[in-house]
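A short reminder: the numbers here are calculations on the coordinates, not readings from a lab. Computed from a predicted model, the values in this text were never measured in an experiment. Cβ placement follows ideal geometry from the backbone for every residue including glycine, while neighbour counts extend to all protein chains displayed.
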Amino acid sequence: MKQTRFRSILFVPGNRSDMLHKALISEADAIMPDMEDSVRDEDKASARDQIHQELDQLVASGKPVIPRINSLPTGLTSEDIAAVMHPGVWMISVGKMNAVEDLLAVDAMLASAEKKSGLPLGHTGILPWLETARSLLHPDMLLLASSRVQVCAFGADDFAADMGFLRSSDFRQTAWVKAHIALAARATGVWLMDSPCTHFRDLSPLNLEIEEARMLGFRGKFAIHPAQLDVINKGFCPPPGEVGKARQIMEAWNRAPSGQGAINFEGVMVDEPLIKQCLQIIAQAEQFDVK
Ligand code: GLV
Ligand code: MG
């Protein structure tokens, strides 16, 4: 089955073959060879060629490979798409999506590239970055524009640039817009990934960003360095204490006489909505093998 539930996706500049191969043996749930902002204009063509040449080997690793291509205003999108059409590439990523028309344009480019490459129509998913003020006015409409969208991302750096402020580590700067996109992602059933944390030596800003993102309903986060992966993978699993408590509540609930719609668990009322929360935590823990 095509995986769409990622705790971590590791970015690798597309023109860095050494880093691409290291990424394959990392703990990342998926890797994202990048042709967009981590590659300078003069290196765009070589990054595209490099990724194209390495695709067989990259997908053979079994790790999901999600190339990020250049956004529509660059004029490079369709050439980039042609370079990454591959039976083993079942999702590509595109930044700076502004409106439904942008998603439909990428959808149409993919449909035509799939036809040319003999891939089934709809084979390739789109992981859009919602990172401009325009896209975040109505994120639900973008997420519903194409059935290719199963996963999306919030980009804090482009968002700060578009809003005209410098990205800071103050949670309040983007909490409001992150809550808005989290709501849209949940309502449309799309898996939501958070921007990478740009501090890769000191892991404390990363820990804070994870805590905040998870609290808002984000499901995973991009990494820009393998050293960030362990923290991200653990951070997007329910903590063992939370899982243990959810299991205890479930045991108490299952022991309660039938017909009792609410029970007392250690002085706290437990009823159906809390049971739903517990079941979700237990399901997540099982998916990611948390004891
Ligand atoms: C990522 O693409 C960002 O803009 O933060
Ligand atoms: Mg961006």
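For Met215 and Phe288, FRET efficiency with R0 = 25 Å and r from the beta-carbon atoms, rounded to 0.05?
Values: r = 18 Å, r/R0 = 0.72.
Computed FRET efficiency for Phe288 and Met215 comes out at 0.90.
Taking 0.36 nm per residue of separation and subtracting the Cα-Cα distance, what length does fully extending Ala105 through Gln277 add?
Gain in length upon complete extension: 58.1 nm.
State the dimensionless ratio Rg/Rh of the chain (Rg: radius of gyration of Cα atoms; Rh: Kirkwood radius).
1.01
Taking H as built 1.01 Å from N, whose amide H comes closer than 5 Å to the amide H of Asp34, not counting residues under 5 places away?
Val12, Gly14, Arg68
Check cross-link reach from Lys276 to the lysines: straight Cα distance under 29 Å, and skip same-chain residues fewer than eight apart.
Here the lysines satisfying the reach criterion relative to Lys276 are Lys2, Lys178, Lys221, Lys234, Lys245, Lys291.
Please compute the alpha carbon radius of gyration of the range 108-157, then divide it by the globular-protein estimate 2.2 N^0.38 Å. Two decimals is fine.
For the range 108-157, the normalised Cα radius of gyration is 1.31.
Skipping prolines and chain starts, which residues have an amide H placed within reach, meaning under 5 Å, of the one on Met91, given they are 5 or more residues away or on another chain?
Close amide H contacts, sequence-distant or interchain: Gly125.
Between Leu208 and Leu137, what's the calculated FRET efficiency when r is the beta-carbon distance and R0 is 30 Å? Round to 0.05.
Step by step, r from the Cβ atoms, then E = 0.60.
Quick one: check the C-alpha center-to-center distance for the range 238-277 versus the range 56-97, whole angstrom.
A separation of 44 Å, based on Cα centres.
Quote the relative contact order of the chain in percent (integer), defining contacts as alpha-carbon pairs under 8 Å separated by 6+ residues. Intermediate values should be presented prior to the final figure.
On the way: 486 pairs, mean separation 44.5, N = 291.
Computed over the chain, the figure is 15 percent.
For the range 68-142, restrict the atom set to alpha-carbon positions and state the Rg and Dmax in Å.
12.1, 37
Taking a cut-off of 19 Å between Cα atoms, list the aspartates and glutamates near Lys116, but don't count ones fewer than 8 places away on the same chain.
Asp49, Asp56, Glu79, Asp80, Asp107
Work out from phi, with θ = phi - 60° and the Karplus expression 6.51 cos²θ - 1.76 cosθ + 1.60, the ³J(HN,Hα) of each residue of the range 175-182, listed in order in whole Hz, and give x for Gly and Pro.
Working through the residues one at a time gives 3, 5, 7, 5, 5, 5, 6, 5 Hz.
At R0 = 30 Å, how high is the FRET efficiency between Lys2 and Glu251 if r is their beta carbon distance? Nearest 0.05 is fine.
Efficiency, from the Cβ-Cβ distance: 0.30.
Using only the Cα atoms of the range 240-287, what do you get for the radius of gyration and for Dmax, in Å?
Just the Cα atoms of the range 240-287 yield Rg and Dmax of 10.6, 31 Å.
Residue separation times 0.36 nm, minus the C-alpha to C-alpha distance between Ser61 and Leu183: what's the value?
Extra length available between Ser61 and Leu183 comes to 40.5 nm.
What does the charge dipole of the chain about its Cα centre add up to, to the nearest 20 debye, if the Cβ of each Lys and Arg holds +1 and the Cβ of each Asp and Glu holds -1?
Its charge dipole is roughly 620 debye.
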